[in-house]
Amino acid sequence: MNIRPRINRWTISRRNLNFSSDIKSSLVQAHFVVSGSGVDEPIQSMPGINRQSVDVLCKTIASDMALGIKAHMLFAVVDHHQKDPTASKASDSSMPLQQAVAKLKAEYGGEIVIMTDVCLCTATDHGHCGIVHNHQIDNDLTIPELCKIALSHAEAGADYVSASDMMDGRVKAIRATLEESGHVNTGILSYSVKYASSFYGPFRDAASSSPSFGDRGSHQMDIRSGYDEAILEAVSDEGEGADIIMVKPALTYLDVVRQVADAVARPVAVYNVSGEYSMVMSSTDEESRPNLVREIFHSFKRAGADIIVSYHTRAAFVGNWLE
Ligand code: PBG
């Protein structure tokens, strides 16, 4: 089976995230997980967002859960000495990300929705999203590695593995891997429509995932491409078994979000990315920020987003910006 609509209905928190129309239920908080203990390191370009070791992360998520933030997206930040050409550490079950997922699922079960980023870039020594062969990112050599990473996240208990790599055919391969291994209730969030954007700069600092040579132009979408290609990517991922279709970045592609939302039957997510966050943080103060962020969130909803991944999520809950 490659289409399982029950995946999005499996727990109360998945249903609230996917099907509730209010903004608060749509929000997802992103986190960066590092090795060690007691680590709570601010990210310069993203004020308010820290890199955290598993112990600190679990406390942060406990307070988020108490505030009502039920959906969380986790990114692994891999130590430099552990990176290699094939991102082998990304699928290691003893790594902090997998450990964090297992702990959080043991604690919160179906009350939490955990999404985990599936890509090679944070664990490759060259920083690319795939296996580099003859100086090119080889699509078909990368797929099995992505499947290994996704499987390790599913084994840890992730609700959705989030494929952010933009290789062709990976949703189908990951779905098959999940089926074969019995993880029939694990969903796939696909970064279906992901542009080669300049708005990812702060994230790449945070996750130390900048490519050491070249760029992401051979796999991420051309910023000049029109609606046809966006719809092609979204519809093909839906057919391959994606449970959630993501458009990224958000603010500069709201027109694309509307086109995609009209073209697919699955829930649509937007990623309010690091560069968008940093722009808002540096151009507003505590007083002006709530209304501005609220206006941005409404634009996502109006464009057709069911789910909003945003670094503003926690502040919006803490400050009751959405009451
Ligand atoms: C990993 C990945 C990236 C982001 C999410 N997953 C970076 C990239 O593609 O270079 C960007 C997120 C953000 O900017 O907030 N491939």
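Any read-out appearing in this document is the output of simple, stated calculations on the displayed coordinates, not a laboratory observation. The shown structure was predicted, so the numbers you read here are calculated from the model rather than taken from an experiment. Using ideal geometry, Cβ is built from the backbone for each residue, glycine included, and neighbour counts are taken over all protein chains shown.
General observations
- Inter-residue pairs, beta-carbon under 9 Å, first touching a residue at least 12 places away in the same chain (Cβ under 8 Å) and polar (S, T, N, Q) and in region 285-310, second surrounded by 15 or more Cβ atoms within 10 Å (Cβ to Cβ) and part of a strand (DSSP E or B), 6+ apart: Ser310/Leu27; Ser310/Val28; Ser310/Gln29; Ser310/Ala30; Ser310/Val270; Ser310/Tyr271; Ser310/Asn272
- Hits in region 61-98 - residues which are in a helix (DSSP H, G or I) and over 18 Å from the mean Cα position of the chain (by Cα): Ala62, Ser63, Met65, Ala66, Leu67, His80, His81, Gln82, Ser88, Lys89
- Residues of region 149-169 include at least one that is crowded, with 23+ Cβ neighbours inside 10 Å, of a type in the set (D, E, K, R) and either within 19 Å of Thr86 (Cα to Cα) or more than 14 Å from the ligand (Cβ to nearest atom) (or both).
- Flag: Gly38 matches the condition of being assigned to a loop (DSSP other than H, G, I, E, B), free of Cβ contacts under 8 Å to residues at least 60 places away in the same chain and surrounded by fewer than 22 Cβ atoms within 10 Å (Cβ to Cβ).
- Condition met for Val257 (outside any helix (DSSP H, G or I) and either within 16 Å of the ligand (Cβ to nearest atom) or crowded, with 19+ Cβ neighbours inside 10 Å (or both)): no
- If you filter region 260-275 down to residues that are more than 15 Å from Ser190 (Cβ to Cβ) and of a type outside the set (A, V, I, L, M), you find that the one that is farthest from the ligand (Cβ to nearest atom) is Asp262.
- Asp285 falls short on exactly one of the conditions (1) buried (at least 22 other Cβ atoms within 10 Å of the Cβ); (2) in a loop (DSSP other than H, G, I, E, B), and that condition is (1).
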